[in-house]
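Just below is one structure, and these are the notes that go with it.
The values are calculated or read from the model by the stated rules, or taken from the named source; none is laboratory data. Quick caveat, the model's predicted, so the values are computed rather than measured. With ideal geometry, Cβ positions are generated from the backbone for all residues, glycine too; neighbour counts draw on all protein chains shown. What goes into the accessible areas is simple: the full protein's heavy atoms, side chains included, and nothing from ligands, DNA or RNA. Shrake-Rupley method; radii C 1.70, N 1.55, O 1.52, S 1.80 Å.
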Amino acid sequence: MIRPAALTAALALSACAATPPPAATSAPTQPGRQYRWQLGSGEAAVLSAATHRAMAEFAVAHARGPASSVVLAPGSTPAAPRFAECGNRPRAVVYDIDETVLLNTGANYDSAVRGDPPFDSARWARWEQGGAAKVEAVPGVVAAIAAIRAAGLTVVFNSNRDRSAAVPTAAALASVGIAGAVPGETLYLKGDVAPGSAKDPRRAAIDARYCVIAMAGDNLGDFADAFNDRALTPSARRTLAQSPTLDALWGNGWFLIPNALYGAWEGAGVDDLFPVDKRWSPEP
């Protein structure tokens with residue numbers, strides 16, 4: 001794709017010579033499998049819509065009556081979870097944003113065209129500031145949030161977008177029909193509570209103000225930072241997510257949205273994915 005400065009130079013050159021400017025690079029006719037599955041498959045759409053519907057049904061059913069938070073209590077871990085009672089705090093649900101509520105279709109197009117390069121923080125920062133009109137809603141989320149709000153629950157967003165992008169982030173949500181995100185009240189971004197991308201401090205701040213009865217995300221770190229501990233191997237992280245102490249939470253307070261585009265799982269290697277005793281190759 002030709003950048004604006006390069007395009008200007010090419011047009012200027014064409015005015016002085018008969019050679020036409022070079023054509024802009026087009027997107028590959030078939031981008032990587034992760035884009036095809038996440039953005040083009042009925043399977044991804046159905047899974048996302050079903051999960052969002054299940055979360056809405058759960059939240060509405062627990063909007064009244066005794067309940068406890070689904071945010072890990074201070075000092076507890078996924079291996080030994082504890083949760084506080086709601087008490088008199090108003091109830092809320094918490095959503096991650098990127099690939100949980102919003103499909104970053106414009107940014108994903110940019111990555112697909114460039115051959116899925118490593119994450120570029122400067123390029124992503126530009127997307128946060130200017131991509132509000134080029135997002136789509138994750139299937140099922142708009143209706144789910146409408147139902148949750150209609151039940152009298154507050155919807156809070158907890159995202160690792162930078163706090164400097166609060167206004168365009170709220171605009172991106174509004175562009176798909178999810179208006180009303182207020183920075184510092186119902187929209188929490190990186191840097192709002194503590195430095196860095198850890199979400200636990202923001203979750204704690206939200207849970208101090210509201211009783212969080214349901215959370216949705218596309219990454220295990222959207223539920224507890226302990227899942228993204230760099231000391232965990234991919235297999236240890238997978239095992240922790242399936243811990244018997246958490247079985248009752250998945251689909252019952254914690255709702256995971258499928259995302260094949262990126263995540264903490266990307267570093268897995270052959271030895272992580274294929275146990276030695278399960279490997280097979282045909283005889284030569």
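For the reader, a short list of remarks on this structure follows.
- Two-decimal Rg to Rh for the range 55-104 - Kirkwood Rh, Cα set: 1.04
- DSSP bridge orientation in the chain - percent antiparallel, rounded to nearest 5: 20 percent
- Cβ crowding within 10 Å averaged over residues, with 90-97, 221-228, 110-117 ranked highest first: 90-97, 221-228, 110-117
- The range 178-196-the range 124-167 distance, computed between alpha-carbon centres (Å): 11 Å
- Selected from Ser121, Gly87, Ser159, residue furthest toward positive end of dipole (the range 33-168; charges at beta carbon): Gly87
- Accessible surface, the range 191-281, averaged per residue in Å² (probe 1.4 Å): 54 Å²
- Amide H contacts for Thr77 (H built 1.01 Å from N in the peptide plane; partners 5 or more residues away or on another chain; cut-off under 5 Å): Arg82.
- In this structure Asp162 has an accessible area near 50 Å², from a 1.4 Å probe over the protein heavy atoms.
- Overall, the chain carries a charge dipole of about 500 debye about its Cα centre when +1 sits on the Cβ of Lys and Arg and -1 on the Cβ of Asp and Glu, all other atoms neutral.
- Calculated mean residue ellipticity at 222 nm for the chain: -10500 deg cm²/dmol, from DSSP H runs with n ≥ 4 weighted as -39500 (n - 2.57), summed, divided by the residue count and rounded to 500.
- Hz values of 3J(HN,Hα) by residue in the range 200-217 - Karplus curve (6.51, -1.76, 1.60), Gly and Pro given as x: 4, x, 5, 4, 5, 5, 5, 6, 6, 8, 10, 9, 7, 9, 7, 9, 10, x
- From phi via Karplus (6.51, -1.76, 1.60), per-residue ³J(HN,Hα) for the range 254-259 in Hz, x at Gly/Pro: 10, 10, 9, 9, x, 8
- Each principal axis of the range 195-284 carries a Cα extent, and these read 64, 30, 23 Å when sorted largest first.
- Full-extension gain in nm, Trp265 to Ala143, via 0.36 nm per residue minus C-alpha separation: 41.0 nm
- Using a simple spin-label model with pseudo-atoms 7 Å out from Cα toward Cβ, Asp247 and Asp120 lie 4.7 nm apart.
- Compared with the dominant principal axis of the Cα atoms in the chain, helix 42-61 is inclined by about 30°.
- With viscosity 1.306 mPa s and temperature 10 °C, the Kirkwood radius over alpha carbon pairs of the chain converts through Stokes-Einstein to a diffusion coefficient of 76 µm²/s.
- Gain in span if fully extended, Asp277 to Ala45, counting 0.36 nm per residue against the direct Cα distance: 80.0 nm
- Relative to the longest principal axis of the Cα atoms of the chain, the long axis of helix 141-150 makes an angle of roughly 40 degrees.
- Candidates Ala236, Ala166, Ala107: whichever shows maximal mean-square fluctuation once the chain is modelled as a Gaussian network with Cα springs under 10 Å: Ala236
- Computed from the C-beta positions of Arg33 and Val182 and an R0 of 45 Å, the FRET efficiency is 0.75 to the nearest 0.05.
- The trypsin sites (Lys or Arg not before Pro) found in the range 233-284 that occupy coil by DSSP, while having at most 13 further C-beta atoms within 10 Å, are Arg279.
- Nearest-ten-degree value, helix 121-130 long axis tilted from longest Cα axis of the chain: 80 degrees
- Ligands, DNA and RNA left out, the accessible area of the chain computed with a 1.4 Å probe is 59% carbon and sulfur.
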